[in-house]
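Step one of this worksheet: look at the structure below.
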Amino acid sequence: MARYTGPTTKIARKFGEAIFGPDRSFEKRKFPPGQHGPSKRRKQKSDYATQLTEKQKAKYTYGVLERQFRNLFEAASRKSGVTGEILLQYLEARLDNTVYRLGISPTRRGARQLVSHKHILVNGVLSNIPSYRLKPGDVISVRNKSRHLELINNNIGGKANVRKWTWLEWNPERLEGTFMEYPSREAIPENINEQLIVELYSK
């Protein structure tokens, strides 16, 4: 199953944001990577370069490769409404992202691994497809055999699940969450200018 497995700090420095979560190395060196360091003057980006950078940032943030991302965009463009907002909603509705949002894993990479290793159920059925797109009303839970795992218990019992998302509902006793609805753009915290992505694909 293809996915990006390279250094995360280098990518975060490229975009100037800790898109993979808290990163001490990034905090020490927030300037872009390169042998000349922060003193190297960089030319002003073209419109295309700005749009491409925004698309790349969204892909790395959600852990999606190019073909998957384009397919999501095409699906969003066929649906009535604001294409950019629908695209972000589809990304948020991915199973691995929802496992991360529920606090079962502290990172999207970790959430993807939990799903791939068959620790997560969707509506009571085992699902090992991280890209599975949830629908409103779907219930995500931890498999009974996996509830003793120290990693999962530490995340759920710690600070990872303190913040509550308006489109998700969490039941700590049953270790399950419900995908209530697609989130509004205002509720999605990611710093992504989706309009630039729409402009890029519309060329």
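The values are calculated or read from the model by the stated rules, or taken from the named source; none is laboratory data. All figures in this text were calculated on a predicted structure; none of them were measured in a lab. A quick note on method: Cβ atoms are made from the backbone with ideal geometry, for glycine too, and the neighbour counts reach across all protein chains shown.
Some notes on this structure:
- Enumeration of residues in segment 83-130 that are of a type in the set (A, V, I, L, M, F, W, C), assigned to a loop (DSSP other than H, G, I, E, B) and in contact with a helix residue (DSSP H, G or I) (Cβ under 8 Å, 6 or more places away or on another chain): 104, 129
One line per residue, one yes/no per condition, for (1) within 23 Å of residue 181 (Cα to Cα); (2) touching a strand residue (DSSP E or B) at 6+ places or on another chain (Cβ under 8 Å); (3) in contact (Cβ under 8 Å) with a residue 60 or more places away in the chain:
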| site | (1), (2), (3) |
| --- | --- |
| 102 | yes, yes, yes |
| 119 | no, yes, no |
| 125 | yes, no, no |
| 139 | yes, yes, no |
| 145 | no, no, no |
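- Pairing each residue of segment 52-77 that is on the phi > 0 side of the Ramachandran plot with any residue that is of a type in the set (Lys, Arg) and surrounded by 17 or more Cβ atoms within 10 Å (Cβ to Cβ), provided the two are 6+ apart or on different chains, yields C-beta distances under 9 Å for 63/94; 63/108; 63/109; 63/112.
- Positions within segment 166-192 being among the charged types (D, E, K, R), closer than 18 Å to residue 104 by Cβ and exposed (fewer than 14 other Cβ atoms within 10 Å of the Cβ), in sequence order: 173, 174
- Some residue of segment 120-132 being among the small types (Gly, Ala, Ser) and under 22 Å from residue 164 (Cβ atoms): no
- All conditions in (1) touching a residue at least 12 places away in the same chain (Cβ under 8 Å); (2) outside the structural domain of residue 172 (by TED's automatic domain parsing); (3) outside any loop (DSSP other than H, G, I, E, B); (4) under 20 Å from residue 190 (Cβ atoms) hold for residue 48, with the sole exception of (4).
- Candidate set from segment 173-186 (those that are hydrophobic (A, V, I, L, M, F, W, C) and at pLDDT 95 or above); member that is nearest to the chain's Cα centre (by Cα): 179
- Considering the conditions (1) of a type outside the set (A, V, I, L, M); (2) at pLDDT 95 or above; (3) assigned to a strand (DSSP E or B), residue 170 is excluded by exactly one of them, (2).
- Cβ-Cβ under 8 Å pairs, at least 6 apart or on other chains, segment 187-199 side without any contact (Cβ under 8 Å) to a residue 24 or more places away in the chain, far side surrounded by fewer than 18 Cβ atoms within 10 Å (Cβ to Cβ): 187/166
- Where a residue in segment 84-95 is of a type outside the set (A, V, I, L, M) and its partner, wherever it lies, is surrounded by fewer than 24 Cβ atoms within 10 Å (Cβ to Cβ) and assigned to a strand (DSSP E or B), with Cβ under 9 Å and at least six apart: 90/133; 94/133
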